[in-house]
Amino acid sequence: MSLPVGDLQRSPRQVDLRSLAMPYNRGLHRFAVFTASVTFLLLVAGALVTSNDAGLSVPDWPTTFGSIYKIPHMVGGVKFEHGHRMLAELVGLLTIILALWTWRAEPRRWMRYLGLGALAAVVIQGVLGGITVLFYLPPAISTAHAAVAQTFFCIAVSIALFTGHRWVEEQPRVEFDFTRPRLVTLTLLSIVVLYVQLILGAMFRHHGLGWWPHVANSVIVALVLTWTGVRAISVYSNIRAVKKAAVILLGLLVCQLCLGFMAFATRVAWGHDAAQPELPMVISTVAHVAVGALLLATAVVLAIQVWRHVPVAFEERVAGTQGKPVAA
C-alpha cells in the first residue's frame, strides 16, 4: 500500500520537518564516503596480514621496532603488518575529523552521536589491534578485532548514507508492510547471521576453531539472505532504494559463496600442508573477507532503507469505525 505524501504525518514514523528542510552538505558527504572507502582498504590490508601469517612481523606496539615515527624496511611480512598500521593511523585521523565535522555541522542530534560512536569504535579497534600483538595473537582478541573492524566499516557506510543527497533532501516513498514475517525482521536476522558467520570465520582464520562451523553456518546465511532479498525485490520492487540494496545483496551473496568455495579449496583441501601461504590461498581468502565486509554493510544499508521506506503496518481500533481494524 503506497502512502501519499500528504499522509506522511499519519505513518508510524513521524516526519521531522526540520530534517526535511536541512540543506545537503556535499563536503561532509564526500568526506564520509572517502572515510568509508579508506576503511574498506584497511579491511583488505588486515586480511592480507592474516592471510600471509604476518601478524607478528612487527613484534612491538604501539612502537614499530622501538620507534614511533621511523618507517622500517618494508620487506617480508613487515610490509603487510606495518602497512596495515599506517593505513589504520590514517583511518583514525579521518575518523577524528569526521566526528568533529559531524558534531559541528550536523543539526541531527543522533547523527552527532553516530559520529562519536564511529570514533569510539576506531579507538577500541586500535586497542584490540595492539593487544593482539602484545599477547601474541590470542584467537579471542583477534576475532574481536576483526568483528569491531567490520562494525566500524558499517558505521562509516551508514554515515555516508545518512549524509547523502537522497537521504537528506528527497521525500521518501513509504509503503506499509503487511507480510509475515516482516521485512524489517528478515533484514535484522540477515545481519545477525552474517555477524555469526564473521565471528566463525575469524575464529577459523586465527586458529581458534575448526572450519566446519563456518561452512555449516554459510548454508543458513545463504538461505536467510536469499529469503530477505527475494522478498524485498518481489514485494517492494517499486521502491528504488530497497530494490537496489536487495539486488546488490543477492549479487554479493553469490560472489561470496563462490569465493568461500575457492578459499576452502585452496586453504583447507589443497593447501593444508603448505609450509607458507601460497598466492592462490592469499588471493581467495582476502577476496572472501573483502566481499564479506561489503555483504554485511549492504545488509545494514538494506535494513536502514526498509526501516525508512517500509514501516510495519499495525492495526488500531478507532471510534466510529465499528470496531474494524485499520492500518495506521
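Can you tell which of VAL174, LEU87, ALA269 lies farthest toward the positive end of the dipole of the chain, using +1 and -1 charges on the Cβ of basic and acidic side chains (Lys, Arg; Asp, Glu)?
So the residue we want is VAL174.
In whole angstrom, how far apart do the alpha carbon centroids of region 82-98 and region 279-311 sit?
Region 82-98 and region 279-311 have Cα centres separated by 21 Å.
Along the charge dipole of region 25-163, pointing to its positive end and built from +1/-1 on Cβ of Lys, Arg, Asp and Glu, which listed residue (LEU100, THR35, VAL58) has its Cα farthest out?
LEU100
Could you give the length gained by full extension between VAL44 and VAL127, i.e. 0.36 nm per residue of separation minus their alpha carbon distance, to one decimal place?
Values: separation 83, 0.36 × 83 = 29.88 nm, distance 1.90 nm.
So the chain would gain 28.0 nm between VAL44 and VAL127.
Quote the FRET efficiency, to the nearest 0.05, computed for TRP110 versus GLN276 with a Förster distance R0 of 56 Å and r equal to the Cβ-Cβ distance. Could you put the intermediate results ahead of the total?
Working: r = 48 Å, r/R0 = 0.85.
Efficiency at R0 = 56 Å is approximately 0.70.
So what is the relative contact order for region 25-163, in percent, with contacts set as C-alpha pairs under 8 Å and at least six apart?
Details: 140 pairs, mean separation 46.5, N = 139.
Across region 25-163, relative contact order equals 33 percent.
I'd like the per residue volume of the convex hull spanned by the Cα atoms of the chain, given in cubic angstrom.
141 Å³
Using per-residue counts of other Cβ atoms within 10 Å, averaged over each peptide, order 200-206, 170-176, 125-131 from highest down.
Per-residue Cβ counts within 10 Å, averaged per peptide and sorted highest first, yield 200-206, 125-131, 170-176.
Running a GNM on the chain with Cα contacts under 10 Å, which residue among GLY46, GLY229, GLY27 ends up with the highest mean-square fluctuation?
Most flexible of the set in this elastic network: GLY27.
Quick one: P(r) of region 177-310 from all Cα-Cα pairs, 5 Å bins, percents rounded to integers, in order of increasing distance.
2, 11, 20, 22, 15, 11, 8, 6, 3, 1, 0, 0
What is the Cα radius of gyration of region 25-163 over 2.2 N^0.38 Å, N being its residue count?
1.09
So for the pair PHE261, HIS73, with labels modelled 7 Å out along Cα→Cβ, what separation do we get in nm?
Reported label-point gap for PHE261 and HIS73 is 4.4 nm.
Taking the Cα centre of the chain as origin, sum charge times position over the Cβ atoms of Lys and Arg (+1) and Asp and Glu (-1), and report the length of that vector in debye to the nearest 20. Don't skip to the end; give the middle numbers.
Values: 25 positive and 15 negative charges, 198 e Å.
Value, rounded to 20: 960 debye.
Taking the Cα centre of region 116-206 as origin, sum charge times position over the Cβ atoms of Lys and Arg (+1) and Asp and Glu (-1), and report the length of that vector in debye to the nearest 20.
Charge dipole of region 116-206: 220 debye, to the nearest 20.
Read-outs throughout are calculated quantities, based only on the coordinates presented, and are distinct from any laboratory measurement. Remember, it's a predicted structure, so these values are computed and weren't measured experimentally. All Cβ positions, even for glycine, are placed from backbone atoms using ideal geometry, and neighbour counts span all protein chains on display.
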